[in-house]
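Asker: The structure's right below; bear with me while I get my questions together.
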Amino acid sequence: MNNRYNHHNRRKYSLKVHIVLVTKYRKQILKGNIANDVKKQINIISKSYGYKIITMETDKDHIHILLEYNTTDRICDIIKIIKQQTTYFLWQKYHNFLSKCYWKKKIFWSDGYFACSIGEVSEATIQKYIENQG
């Protein structure tokens with residue numbers, strides 16, 4: 001039972017969010033190396049900011065992430081960091097390819113996002129759903 005919750009100072013918590021990010025114009029470019037690099041970058045970002053990726057999977061034009069975060073973090077900030085840093089990385093690595101997909105530089109993700117907090121009961125269901133993407 002203790003493993004279900006995080007402890008820090010006087011806080012005991014379990015904060016998990018299901019996030020969906022969509023490529024700009026729903027371009028179906030989250031395949032192959034790009035999909036793998038996006039997932040690697042999100043894992044690197046998560047470790048450096050103290051988030052925990054429970055599961056993550058791409059489907060041609062979007063990515064699902066089940067992420068655990070700290071009480072001091074805001075979901076909108078987490079998403080902003082992930083979008084900014086993955087976009088920067090992808091444009092550095094795939095400039096020639098992305099410049100053919102997007103007329104405006106430094107675009108990869110759509111402006112919006114989906115985020116839904118989850119309870120302990122539905123985590124397994126969401127995890128299975130995400131793992132079956134693609």
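A short reminder: the numbers here are calculations on the coordinates, not readings from a lab. Fair warning: this is a prediction, and the values are worked out from it, not measured in the lab. With ideal geometry, Cβ positions are generated from the backbone for all residues, glycine too; neighbour counts draw on all protein chains shown.
Asker: Of the conditions (1) over 17 Å from Ser14 (Cβ atoms); (2) surrounded by 17 or more Cβ atoms within 10 Å (Cβ to Cβ); (3) not β-branched (Val, Ile, Thr), Ser48 clears all except one; give me its number.
Answerer: Tallying (1) over 17 Å from Ser14 (Cβ atoms); (2) surrounded by 17 or more Cβ atoms within 10 Å (Cβ to Cβ); (3) not β-branched (Val, Ile, Thr), Ser48 fails exactly one: (2).
Asker: Give me a count of the residues in region 1-27 that are touching a strand residue (DSSP E or B) at 6+ places or on another chain (Cβ under 9 Å) and without any contact (Cβ under 8 Å) to a residue 60 or more places away in the chain.
Answerer: Qualifying residue count, region 1-27: 4.
Asker: Looking only at region 113-126, filter to residues that are of a type in the set (A, V, I, L, M) and outside any loop (DSSP other than H, G, I, E, B); which one of those is surrounded by the fewest Cβ atoms within 10 Å (Cβ to Cβ)? Don't jump to the end; show me each part of the working.
Answerer: Start the filter on region 113-126 by keeping residues that are of a type in the set (A, V, I, L, M), which leaves 115, 118, 121, 124, 126.
Keeping just the survivors that are outside any loop (DSSP other than H, G, I, E, B) gives 115, 124, 126.
On the way: Ala115: 15, Ala124: 9, Ile126: 18.
The selected residue is Ala124.
Asker: Now for a different question. Criterion first (surrounded by fewer than 18 Cβ atoms within 10 Å (Cβ to Cβ), under 19 Å from Asn33 (Cβ atoms), among the polar types (S, T, N, Q) and under 16 Å from the mean Cα position of the chain (by Cα)) does Gln92 satisfy it?
Answerer: Judged against the criteria, Gln92 is not a match.
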